[in-house]
1. Would you confirm whether or not region 517-526 contains a residue that is in a loop (DSSP other than H, G, I, E, B), at pLDDT 85 or above and under 30 Å from Leu236 (Cβ atoms)?
2. Which condition does Leu260 not pass, out of (1) over 30 Å from Leu355 (Cα atoms); (2) assigned to a strand (DSSP E or B), if it passes all the others?
3. Being part of a strand (DSSP E or B) and touching a residue at least 60 places away in the same chain (Cβ under 8 Å) is the filter; apply it to region 47-85 and report the residue that is surrounded by the fewest Cβ atoms within 10 Å (Cβ to Cβ).
4. Being in contact with a Phe, Trp or Tyr (Cβ under 8 Å, 6 or more places away or on another chain) and buried (at least 18 other Cβ atoms within 10 Å of the Cβ) is the filter; apply it to region 327-351 and report the residue that is farthest from Ala369 (Cα to Cα).
5. Determine whether Tyr310 is touching a residue at least 40 places away in the same chain (Cβ under 8 Å), outside the structural domain of Thr494 (by TED's automatic domain parsing), of a type in the set (Phe, Trp, Tyr) and crowded, with 17+ Cβ neighbours inside 10 Å.
6. Just one of Ser223, Ser261, Ser208 is modelled with pLDDT of 95 or more, polar (S, T, N, Q) and buried (at least 18 other Cβ atoms within 10 Å of the Cβ); which is it?
7. Out of the residues in region 104-125 meeting the condition of being touching a residue at least 60 places away in the same chain (Cβ under 8 Å) and surrounded by fewer than 17 Cβ atoms within 10 Å (Cβ to Cβ), tell me which one is farthest from Ile68 (Cα to Cα).
8. Sort out which residues of region 87-101 are loosely packed, with under 14 Cβ neighbours inside 10 Å and outside any strand (DSSP E or B), and write them in order of number.
Amino acid sequence: MKPKFLRLELTGMILLLLLVLAPGIEHSLAQGEPVTQGETGSLIISSHPLGADIFLDGKSIGKATRNIILENVVIGIHDVEWGLPHYENCTKLIDVENGEIATAYCDLKAKLGSIVVESDPAGALVLLDNSVQGKTDITIPGILEGSHTVTVRYPGYYDCVLPVYVADMATESLHCTLEEIPTTGTIAANSTPRGADVYLDLVNVGKSNITIRKIEPGTHTVSLVKYGFDDWAVTLDVVAARTYDTNAMLVPTNATLTLLSSPSGAEIFFRGLPIGRTPYQSKFFQGTYVFLFQGPPGYRNLTKEITIPYEGANVSVRFECGAPDAIDQAARDINDNAIFNPSIARGILQDARTLLASGKCVDAYYAAANASAWAMDVDHDGVPNFLDIWQSIPNIIVYFSPLVVVFIMLAGIGFHRQVNQLAPKVTIEELPSGADQEKMVRISTQLRKPPQFFYCAVLLDGKVIDQLDAPGEKDVTLGRLEPGTYLLLVDLDTYSSRVWRNHVEESREIIIPPQGAEIVPETPSG
């Protein structure tokens, strides 16, 4: 053995001298490439772990996914280097002898760090890249440098999954606050308007809008109750870990309105239309409305704003005497017709003032109205003063007018009617709705020209449920109707002038089928 070592030393010294004096010498490394000059040997290169990049004398020769066997390697000292991510580089000098097989092996040293894992609650199972490491709180040493995934698992809680990068000789600290897996459900009870009492299975749990938590899985009923509105309820099948949103559109309850007057018998107008005489009672939507009370003859009209609350309203009005207004009007009429010498009217007017002074309101009113009539027709022949050619000539002679005048007047009346004809049209269209949805219809009104007055009432089985205040379209909610047949009536009143009135009624049967049945909607009426 000793001669061999001496030979190796001598060979190494010679090679070192050659490297210093002749740095340009190149070695042929290609496997299987024939060497025409010099002596050669073989070299086997391997590593642990496999997969390292291999460099021979600074030249890459591939990855050590298995043993690399190099033949025809020039004899001498060669530099072998291993490189693998997250491992320290390894370099060795290997002596290749003529005809011999040299071996180059390196056990790569990993770059290692550690991870400290804590959790709340403690005692949770810790997995590093899906490999069980123990339970929290725990320190995991000897972790290869690079990206890893830490999973913290505890029964009854969601997994906590954290990505982490471990650097060489570094310690990473992780903390997981575990979230408990719900075993109950949640219901968000909302309403418009707010402030309704919320009941869960008949138990009051607060006022809307409210979130009800920790509800056991199963069937539950949520009810909303608010003063002045119809009750609302829904049944839900609650599942664990799920939130259910309920949004209730509360419908105001119709209230009873009672109207009285003194004296009674006054005609009542609502939105320009007569609705009855006092005493009067009917259902109205809650809210504030303006009513016109037309007093009996001899009394002034009265306008009153009335607020109808949930419990209804009972309103009584007292009319003021209208005789002073009639007396003032008679005085103006007498003055305007003074050139016709209305002497009789002046006497009657004085009687009216006397009656008013004695407290006889109605008698004074009628006397004043009589005075106005005598003032505007002094000969009381039924023809106003300004149309009399001469008050002493019989009017039958004066007004035996040519037929052409009559024709012109009739033509003017016809033209006026044609110009002011509105030709109103009403269309009812049923809108699609599900079995558990409110029934909706679309009311369309068309006029040939803008009216001076417009009012359209929507009635269901004779009960007013909505109104249209202007021509056009409006979607009307009929509510959730029980199975059956209902009569929907649209009553339209329009005035194009003080003379011509247009009135149209359009009706339609609304059929609500039993659950499971189907009804094919009819063609919209018009």
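The values are calculated or read from the model by the stated rules, or taken from the named source; none is laboratory data. Note that the structure is a prediction, hence the values are computed from the model and not measured. Reconstructed Cβ throughout: ideal geometry from the backbone, glycine too, with neighbour counts over all protein chains shown.
1. Of the residues in region 517-526, the ones in a loop (DSSP other than H, G, I, E, B) are 517-524, 526.
From what's left, at pLDDT 85 or above: none.
Looking through region 517-526, none of the residues is in a loop (DSSP other than H, G, I, E, B), at pLDDT 85 or above and under 30 Å from Leu236 (Cβ atoms).
2. (1)
3. Going residue by residue through region 47-85, those that are part of a strand (DSSP E or B) are 47-48, 52-56, 59-64, 68-74, 76-83.
The next check asks that each one be touching a residue at least 60 places away in the same chain (Cβ under 8 Å); those that pass are 47-48, 76-77.
Details: Ser47: 25, His48: 11, Gly76: 23, Ile77: 15.
Of everything passing the filter in region 47-85, His48 is surrounded by the fewest Cβ atoms within 10 Å (Cβ to Cβ).
4. As a first pass, look at region 327-351 and keep what is in contact with a Phe, Trp or Tyr (Cβ under 8 Å, 6 or more places away or on another chain): 342, 344-345, 348.
Still in the running and buried (at least 18 other Cβ atoms within 10 Å of the Cβ): 342, 345, 348.
Details: Pro342: 14, Ala345: 10, Ile348: 9 Å.
My answer is Pro342.
5. No.
6. Numbers: Ser261 fails: modelled with pLDDT of 95 or more; Ser208 fails: modelled with pLDDT of 95 or more.
After ruling out the rest, the residue left standing is Ser223.
7. Among those that are touching a residue at least 60 places away in the same chain (Cβ under 8 Å) and surrounded by fewer than 17 Cβ atoms within 10 Å (Cβ to Cβ), it is Asp107.
8. Within region 87-101, Glu88, Asn98, Gly99, Glu100 qualify.
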